[in-house]
Amino acid sequence: MAIHPRSQHLREIGIVRWQRRASSTPSVRADGGSIELKALSDKVRQCQACSLHLRRQNTVFGHGPIEADWLFVGEAPGSNEDKQGLPFVGRAGQLLNSILFSIGLARDEVYITNVLKCRPPANRDPMGDEVIQCEPYLHDQINHIKPEIIVAMGRFAAQALLKSTSSIAELRGQGHEYSELKIPLVVTYHPAYLLRSLLEKQKVWKDLQFAQSLFSGSKKSERSI
Ligand code: URA
């Protein structure tokens, strides 16, 4: 059987593509698929809670079907995201697409968002007060989407979602639960870090395999809410 060029590329970097599972989720844009989520994205668009609103071109609320089983959370929009108002559309986004593909997920079937909804200047790290102001939007978003599994990409997402101050190294490699919703959560490296550190790709692959196994074992109906 002929190998797809993308699969060939993934093999070369040590990643074997998983078979995509049949999706039962209709592809509905979240901001058109739920009144509550739309209202929340309108609120974010108006937000002036921290100084990041002064320089933004667009807020970056998130993108994907509201019925998505998988939620991927990054750090903050970069310049491409700020221009387009969409998450992970730059180089890190291309790598994220490949990572998704490697575990049989298409970008349009997962929900992708960030801890911060506005771009920090010069792509600096989010500051404590920015995270404190913006985090409630993320928690509300998750409450509306109620995914089956959450992948926290990078330190800021992991610490915000788990209300932890531990490092990525401490948080990786174990199953966590998000809030009282008890949604399985896996911590992995941020795609932008992988662009600088290609050797860590295998670790991300392992993390996502782990997430797949937690996902297979989870059922929405078994959660308390
Ligand atoms: N990095 C992030 O954390 N989020 C984006 O949307 C883009 C780059």
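We did not get these values from a lab; they are worked out from the coordinates using the rules stated. Quick caveat, the model's predicted, so the values are computed rather than measured. Cβ placement follows ideal geometry from the backbone for every residue including glycine, while neighbour counts extend to all protein chains displayed.
Close amide H pairs (under 5 Å, H built 1.01 Å from N) link Tyr178 with Ile183, Leu185, residues at least 5 positions away or on another chain. For the range 91-179, what is the relative contact order in percent, using Cα pairs closer than 8 Å and at least 6 residues apart in sequence? Relative contact order of the range 91-179: 20 percent.
For the pairs Lys38/Lys182; Lys43/Lys206; Lys83/Lys163; Lys146/Lys206, note any where the Cα-Cα span goes beyond 26 Å.
Numbers: Lys38/Lys182 24 Å; Lys43/Lys206 37 Å; Lys83/Lys163 30 Å; Lys146/Lys206 24 Å.
Pairs exceeding 26 Å: Lys43/Lys206; Lys83/Lys163.
List the trypsin sites (Lys or Arg not before Pro) within the range 96-160 that fall in a DSSP loop (any state other than H, G, I, E or B) and whose Cβ has at most 12 other Cβ atoms within 10 Å.
On the way: sites: Arg107, Lys117, Arg124, Arg155; in loops: Lys117, Arg124.
Sparse-neighbourhood loop trypsin sites (Lys or Arg not before Pro): Arg124.
Using the Karplus relation 6.51 cos²θ - 1.76 cosθ + 1.60 with θ = phi - 60°, the per-residue 3J(HN,Hα) values for the range 171-182 come to 8, 5, x, 9, x, 10, 10, 8, 6, 6, 5, 6 Hz, with x marking Gly and Pro.
Remark on the range 30-87: Rg and Dmax equal 11.9, 34 Å (Cα only). At full extension, Asn58 and Gln174 could sit 38.2 nm farther apart than now, given 0.36 nm per residue minus the alpha carbon distance.
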